[in-house]
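Working notes for the structure below.
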Amino acid sequence: MNPVAKALWFIESHLHKPQDLEQIAAAACVSRFHLCRVFAAVTGMSVMGYVRVRRLELAARYLQERSQASLLEIALDCGYGSHQAFTRAFGDHFGIAPSDFRRQPLTFQSTQVEVSRMSKDALESIRPVRFENLDAFTVVGSCQRYTWQSDDGIPGQWARFAPRIDSIAGRIGEASYGVCFDSDDEGAFNYLCGVAVAPGKHPPSDLDQVGIPSARYAVFFHAGHVSGLKETIKTIWNHWLPNSGFQPAGTPDFERYDDRFDPQTGFGGVEIWVPMKMD
């Protein structure tokens with residue numbers, strides 16, 4: 001069972017009880033960082049965001065089935081500390097007050113059904129992994145913050161940055177990099193598309209930089225069109241890593257676009273570098 005499936009089982013089994021990210025990660029047998037990354041990538045939701053939605057959907061079911069229960073009783077049973085907090089959260093999610101929902105219920109698709117389907121993604125074939133030690137280096141480029149629900153802007157980010165590549169002072173090598181870093185518990189992360197630069201070089205005022213620390217990396221190769229890259233990344237985090245015996249370091253991971261990749265067609269292949277914890 002993959003970590004997302006384990007997390008979903010734990011969450012659904014404990015909807016009536018207090019639960020936090022540490023407990024869910026322990027049940028999924030991965031680190032908090034790993035779970036946040038893979039859960040958001042696979043489901044498009046943060047872990048605790050999913051918990052909040054599922055509790056509201058449970059409350060909606062209770063409003064239909066428990067006609068004699070007060071709103072406060074339902075709120076407390078679904079993990080809310082007050083009538084006011086429950087009413088506000090319910091209204092924000094469903095667009096209707098719980099008292100009005102009780103009188104005229106809405107039809108909605110359970111998030112559990114959709115997310116469970118997404119978590120059962122088939123294990124895609126990944127070219128045999130290799131391991132490499134890499135010294136620290138710096139990447140300069142364009143940085144934006146995304147969530148796994150709203151990362152469709154990345155291709156446009158690359159398109160805007162590409163004309164700048166040849167003018168960046170101190171560039172090292174011909175490869176370009178897509179670096180993911182500073183992810184948080186809600187599934188947001190920074191993505192910087194850029195190039196490696198020599199030490200001591202400073203980016204232009206309208207560009208950013210990120211330092212990549214020295215580390216041992218597991219390196220994968222995505223051989224298909226670049227539009228399928230996200231599915232390969234999901235497979236790495238949701239299948240390969242949990243079964244590999246390794247743990248991700250939590251430092252920046254990145255895509256590496258070398259001379260095999262054709263930006264005009266999107267074909268040629270992309271390397272995915274994931275830093276590993278070393279004992």
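Sort 174-183, 79-88, 3-12 for me by packing, meaning the mean count of neighbouring Cβ atoms within 10 Å per residue, highest on top. Numbers along the way, then the final one.
Numbers: 174-183: 18.7, 79-88: 15.2, 3-12: 21.1.
Ranked from most to least packed, the peptides come out as 3-12, 174-183, 79-88.
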Open item on the list: With θ taken as phi - 60° and the coefficients 6.51, -1.76 and 1.60, list the Karplus ³J(HN,Hα) couplings across region 268-278 in order, rounded to whole Hz; mark glycine and proline as x.
Closed with: x, x, 9, 8, 10, 10, 10, x, 10, 5, 10
Open item on the list: Under 8 Å for C-alpha pairs, at least 6 residues apart: give me the relative contact order for the chain, rounded to a whole percent.
Closed with: 20
Task: Most to least packed among 246-258, 220-232, 158-170 [average Cβ atoms within 10 Å] - done: 246-258, 220-232, 158-170
TODO: Relative to the compact-globule scaling 2.2 N^0.38 Å, provide the ratio for the alpha-carbon radius of gyration of region 1-58.
DONE: 0.99
Open item on the list: Once neighbouring chains are kept in place and the probe is 1.4 Å, which whole percent of the accessible area of the chain is contributed by carbon and sulfur?
Closed with: 52
Open item on the list: Please compute one quarter of the surface area of the Cα convex hull for region 134-235 and express it in square nanometres.
Closed with: 7.3
TODO: Can you check how the C-alpha radius of gyration of region 133-181 compares to 2.2 N^0.38 Å, as a plain ratio?
DONE: 1.29
Open item on the list: Please compute, over every Cα-Cα pair in region 162-216, the percentage with a separation greater than 18 angstrom.
Closed with: 38
- [ ] Could you state how much accessible area residue 34 has, in square angstrom rounded to the nearest 10, with a 1.4 Å probe and all protein chains kept in place?
- [x] 10
Open item on the list: Which order do the peptides 16-22, 55-61, 146-152 come out in when sorted by mean C-beta neighbours inside 10 angstrom, highest first?
Closed with: 55-61, 146-152, 16-22
Task: Bins of 10 Å, starting at 0 and running to the largest distance - Cα pair percent for the chain - done: 6, 26, 29, 19, 13, 6, 1, 0
Task: Over region 202-252, volume per residue of the alpha carbon convex hull, in Å³ - done: 130
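The values are calculated or read from the model by the stated rules, or taken from the named source; none is laboratory data. All figures in this text were calculated on a predicted structure; none of them were measured in a lab. Ideal geometry is used to build each Cβ from the backbone, glycine not excepted, and the neighbour counts take in all protein chains shown. SASA here: full protein model, heavy atoms, side chains in, ligands and nucleic acids out. Shrake-Rupley method; radii C 1.70, N 1.55, O 1.52, S 1.80 Å.
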